[in-house]
Amino acid sequence: MAKGPRDRPIYRTLPGSFWDSRQWTSVTPEATDARLLLVWLAVGPVQRAVPGVLRIGEGGIADNMGWTIERTRTVMQQLEDLGVLQFDQAAQLVWMPWRIEHEPPNAATVGGSTWRSVFERWPQGELAAKVRSELRVWMAHAGFELTEAFDALPGGPGVIAKPAAPPPSPSTVAPTVLGDPPPPPSPSTVAPTVLGDPPPPPSPSTVAPTVLGDQGSSDAVMQGSTEEETKPLSADEPPTGQMLSLLTSPEAKATDLALEVFEHWKRAIHKTAAAKFDKKRRGFVEKQLKTGRTVADLCKAIDGCAGDAWHMENKQHELSLICRDAEHVEKFIGYADAPRRAQSGPGRFKPLTGTKERFKDMDDGDPLGLAKEGSGRG
């Protein structure tokens, strides 16, 4: 009997580049438990609709692997220390951010019932919030349709109701007694209605009291205008004037986009929370953004560096190196489009010793120094 769609097994995908990736090579061959668990988590039956998101705790892993809780806890901690995954036992949540690059979803998948069912039961906690935020950034880089589908999932911006307006403060409500006449209108709100009537006096709130020696009412008016300019915007009031120009200036936009690039670099290189977006890193990223590079361009260059075995093994993956100039950005984008094949064997890379020319060869895409050595042979 032919199997129906519901009877067919779910297949997971691991690209060939995984075996050269930092996630695999950082786990030493001697750590057999860690390597076995890594592959099981990546492609095993617990990996469901959202790539990299696993709803399982220590007990479930131990039952499936046939291990004790202590053995499971030790191996999970080892993988977490290596930056391969993040784990929240209380929320029963495992997060492997690199998995979504292996099985990138489309808008129909994200908006479908399987993803929706995952987010209908989305857990609480710091890691759960971080996972949702990082998925949102990935969708934004992937395109508008994916972002729109992701935001429409349960708990997303598309379904969050606008909070109701707070009740008026008791200090703004005048007490009234049954039968009392309504209070008279404020003088500042009454316009003259008869030709020839004098204009109403200024509101007491806009007139500062003066004493002998004061500079006059002009200082008070100036102070009032300054307070008006610097008052904070309310949630329902759009920015105007100087505040609007600050929020929409190219410098402000570049700063926000630069932070997105930095966060992507931390995830791709698996930096810890201790990594700081200092002045040097920010300067190189913003320099590239101001030349017309997009966030997607720089993230692709970062991915090219992260997927290159030589740069990762020799720790040549600093953000300021990737974004140093147009030549470096384009070189790493090229690595993302066409990854380099590393030689096998113990002598596949030259040692990091020798002259400045050797280092220049490494940085210019000839890490083995073959071009320079070959030129001297017969």
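Please treat every number below as a calculation from the coordinates, not as lab data. Just so it is clear, the structure is predicted and the values come from calculations on it, not from any experiment. Every residue, glycine among them, receives a Cβ derived from its backbone with ideal geometry; neighbour counts consider all protein chains shown.
Taking amide H atoms as placed 1.01 Å from N in the peptide plane, the amide H of residue 93 lies under 5 Å from those of 56, 88, each 5 or more residues away in sequence or on another chain. Calculated FRET efficiency, residue 13 to residue 118, Cβ-Cβ distance, R0 = 22 Å: about 0.75 to the nearest 0.05. Our estimate of slack between residue 77 and residue 65, defined as 0.36 nm per intervening residue step minus the Cα-Cα distance, is 2.7 nm. For the pair residue 259 and residue 313, what calculated FRET efficiency results from E = 1/(1 + (r/R0)^6), where r is the Cβ-Cβ distance and R0 = 30 Å, to the nearest 0.05? FRET efficiency, residue 313 to residue 259: 0.60. The simple spin-label model puts a point 7 Å past each Cα toward its Cβ; for residue 25 and residue 151 those points are separated by 3.9 nm.
Take the Cα radius of gyration of the range 282-330 and divide it by 2.2 N^0.38 Å, N being the number of residues; the result is 1.08.
In this simple spin-label approximation, residue 321 and residue 39 carry label points 7 Å from Cα along the Cα→Cβ vector, and these lie 3.1 nm apart.
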